[in-house]
Amino acid sequence: MPDPFKLSQRVLDIRPSGIRKFFELGLSMPDPIDLSIGQAHFDVEEEVKAAAIDAIKQGRNRYTVTQGIPALREALMARYAGRFGDVSDWDVMVTSGVSGGLMLSFLALLNPGDEILIPDPYFVMYRHLATMVGAKAVTYDIYPDFRVDAAKVKAKITERTRLIVVNSPSNPTGVAMSEAEARALARLADESGIALISDEIYEDFMYGTPHVSPRQFTSNCIVLSGASKSMGMPGWRIGWMFAPKSLSERMYTLQQFSFVCAPAPLQWAAVKGLAHDFSAHRAEYEAKRNLVYDGLRERYRCVKPEGAFYMFPYLPEGADTARFMDACIKQQLLVVPGSACSDRDTNFRLSFAATNEKLKRAVDILNQVATGL
Ligand code: PMP
């Protein structure tokens with residue numbers, strides 16, 4: 001008898017996230033040092049929580065218009081007008097997290113068989129979302145220093161390439177694009193006629209230099225960002241997309257027939273969140289970055305993160321990943337093998353969004369592991 005629940009090829013082509021596995025392992029440990037998952041360690045601000053509760057009590061619990069409430073869209077449009085100048089033909093659409101924005105833009109812009117260029121190492125979702133829409137993710141190499149070289153991206157363009165994904169500051173490396181690099185990518189987008197998708201979800205976590213977006217230098221660029229990381233609300237599913245009006249109007253329809261709208265009361269709370277000053281968190285995370293980078297650089301080859309809250313150290317010379325991971329897990333330390341977000345298996349990702357006490361313990365354990373392998 002044929003299997004009534006025979007899986008689609010789409011699902012069969014997708015591997016479960018290698019990162020999630022460690023998150024689940026962490027849940028089964030009594031007191032793990034969990035540096036595996038990508039979310040800020042702070043909670044939503046009290047006044048933002050209060051705004052969410054107020055919105056619920058006031059009955060803002062119905063569907064919103066699919067593109068999001070005007071108050072939130074207007075606040076975000078003002079932000080982008082301040083950064084990018086004339087944005088009159090552009091639009092902000094509120095999405096179900098940046099994940100929702102990625103899904104909608106891939107659905108809107110990729111046909112089966114098309115190619116999309118993503119960095120290697122990459123944020124895991126890019127590859128699998130491409131597969132979901134029948135497209136093929138092709139990587140451009142950013143090893144060994146994790147900087148994006150537009151010439152290397154260009155070398156990967158074929159007649160099937162439709163989109164180029166950039167992510168600065170980056171998950172999993174923490175490296176941020178310089179102005180020169182952003183300009184070079186913008187030039188590539190203009191010359192090739194291939195649009196950029198700039199995932200700027202970590203834009204508020206920059207340590208030293210200001211955040212740069214390729215959208216400053218080209219209009220062939222969609223910007224995705226959201227509240228999950230900087231407002232400490234990944235479970236609230238609030239993101240947004242800044243795109244040309246002609247495109248986002250088509251995406252409204254896609255959202256209407258899929259996510260419908262982002263959570264209504266939480267959109268109201270996000271308006272409050274946008275007005276909040278997050279610089280204290282930025283300073284706190286910069287200190288955490290220093291703690292892990294300074295603590296590990298002698299025993300591990302590390303590229304210093306300039307933003308986000310990840311570092312992607314190289315495994316000690318000749319180390320076997322499985323043995324390295326086992327040695328960490330034995331000491332209750334969870335990090336992610338580089339192979340979960342790369343074609344290579346030479347690094348590991350750690351998130352420094354944790355208490356300083358846990359980070360210090362993690363540094364000690366990693367240094368011990370490096371000598372014991
Ligand atoms: N982009 C990047 C680079 C991320 O690291 C994440 C979350 N880990 C997302 C997008 C998705 O975030 P969300 O859907 O919560 O907005």
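Here are some notes:
- Going through (1) over 21 Å from SER246 (Cα atoms); (2) part of a helix (DSSP H, G or I); (3) open to solvent by 40 Å² or more (accessible area, probe 1.4 Å); (4) not assigned by TED's automatic domain parsing to the domain that holds PHE352 one by one, MET1 falls short only on (2).
- Positions within the stretch 188-219 being open to solvent by 20 Å² or more (accessible area, probe 1.4 Å), part of a helix (DSSP H, G or I) and in contact (Cβ under 8 Å) with a residue 40 or more places away in the chain, in sequence order: GLN216
- Matching residues in the stretch 237-247 - criterion: being of a type outside the set (Phe, Trp, Tyr), more than 10 Å from the ligand (Cβ to nearest atom) and surrounded by 23 or more Cβ atoms within 10 Å (Cβ to Cβ): MET241, ALA243
- Within the stretch 165-180, the residues that satisfy the criterion of being more than 10 Å from the ligand (Cβ to nearest atom) and either in contact with an Asp or Glu (Cβ under 8 Å, 6 or more places away or on another chain) or assigned to a loop (DSSP other than H, G, I, E, B) (or both) are VAL166, THR173, GLY174, VAL175, ALA176, MET177, SER178.
- SER36 vs. criteria within 16 Å of the ligand (Cβ to nearest atom), among the polar types (S, T, N, Q) and under 30 Å from GLU284 (Cβ atoms): yes
- Residues of the stretch 76-130 satisfying the condition of being away from the ligand (no atom under 15 Å from the Cβ), outside any loop (DSSP other than H, G, I, E, B) and more than 28 Å from TRP268 (Cβ to Cβ): LEU109, GLU115, LEU117
- In summary, LEU185 fulfils each of the numbered conditions (1) more than 14 Å from the ligand (Cβ to nearest atom); (2) touching a strand residue (DSSP E or B) at 6+ places or on another chain (Cβ under 7 Å); (3) open to solvent by 10 Å² or more (accessible area, probe 1.4 Å) with the single exception of condition (3).
- In the stretch 240-260, the residues that are at positive phi never reach a residue that is of a type in the set (Lys, Arg) and surrounded by fewer than 16 Cβ atoms within 10 Å (Cβ to Cβ) with C-beta atoms less than 8 angstrom apart, at least six apart or across chains.
- Taken as a whole, the condition of being within 25 Å of SER219 (Cα to Cα) and of a type outside the set (Lys, Arg) applies to ALA71.
- Residue in the stretch 220-236 that is open to solvent by 20 Å² or more (accessible area, probe 1.4 Å) and away from the ligand (no atom under 11 Å from the Cβ) present: yes
The values are calculated or read from the model by the stated rules, or taken from the named source; none is laboratory data. What you see is a predicted model; the values in this text were computed from it and never measured. A quick note on method: Cβ atoms are made from the backbone with ideal geometry, for glycine too, and the neighbour counts reach across all protein chains shown. Calculation scope for accessible area: heavy atoms of the full protein, side chains included, ligands and nucleic acids excluded. Shrake-Rupley method; radii C 1.70, N 1.55, O 1.52, S 1.80 Å.
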